[in-house]
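Engineer: Before we start, here is the structure in question, set down as C-alpha cells.
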Amino acid sequence: MRSFFFAFLLLAPSSFLGAQTNSSWRSATPAELQSSLPARAQVEKERIETEMRTASGIIDSHGKIIAGIVLITAGYSADGKYSHYFLVQSPITIGDLSLPAGNYVLGWQRGDDGLLIKFYDAATGTQLGTAAAPRLTTGFRAESFRIWPPSSHPFIQIGRFAVPYVLDKQPTR
C-alpha cells in the first residue's frame, strides 16, 4: 500500500504537468490572429493576399502561436499548388510530418477517402511532406480552415476533413 502511494505521488505531478501543457493552448482571438498573420504572405517570390476572415489558430500561455489563413491565389503562379499560409511558432507534428517553427504553405488534393494535404516551405516552395485528412464524422460543420485547441479536438480542419496534430515539447532553456 505504501509503495502504491509513493508511485501515485511520483506519477501524479507528471501527468498533471502534461495536462497543463495541453490546456495552456487555447483558440487565438481575432486580434491575436490579425497581429500574427500577414495581409500579404511571402510565398516563394510573390506576396499573396490573405483572407483574414478565414484565419484560425491556437496560442499558448507564452504567446507562441500556430495559425493559418486562406491565400487568395487567383492570378498568381501558386494557383492550384497552395491554398493556405501556415505560421508555426512552436514545433508541431501533423499526421507523421514534424514541422519546426517556421512559415509554411499548404495545398490539398481530394482523394477517395479524404484529402491529401501537402506542406511546403513558404520561402522556397520545397515540398516537406504530406498528411492524410479523412472525412469528419457527423457533428462538425464545414470550415474553410480551423485549428482546434488540443483540449477539445486536436486536429486541423479543412472543409469537412481533418488531420490530427500533436504539439511537440519545447526544448528547455
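Engineer: Among the lysines, select those whose C-alpha is under 20 Å from the C-alpha of Lys118, and discard any that sit fewer than 8 residues away in the same chain.
Structural biologist: Straight-line reach from Lys118, under 20 Å: Lys45, Lys81.
Engineer: How many angstrom lie between the C-alpha centres of the range 41-69 and the range 71-150?
Structural biologist: The distance from the Cα centre of the range 41-69 to that of the range 71-150 comes to 12 Å.
Engineer: Another question, then. Reachable lysines from Lys169, Cα under 17 Å, same-chain residues fewer than 8 places away excluded?
Structural biologist: Correct list for Lys169: Lys64.
Bear in mind that the values in this text are calculations on the coordinates, not laboratory data. Everything quoted here is computed from the prediction, not taken from an experiment.
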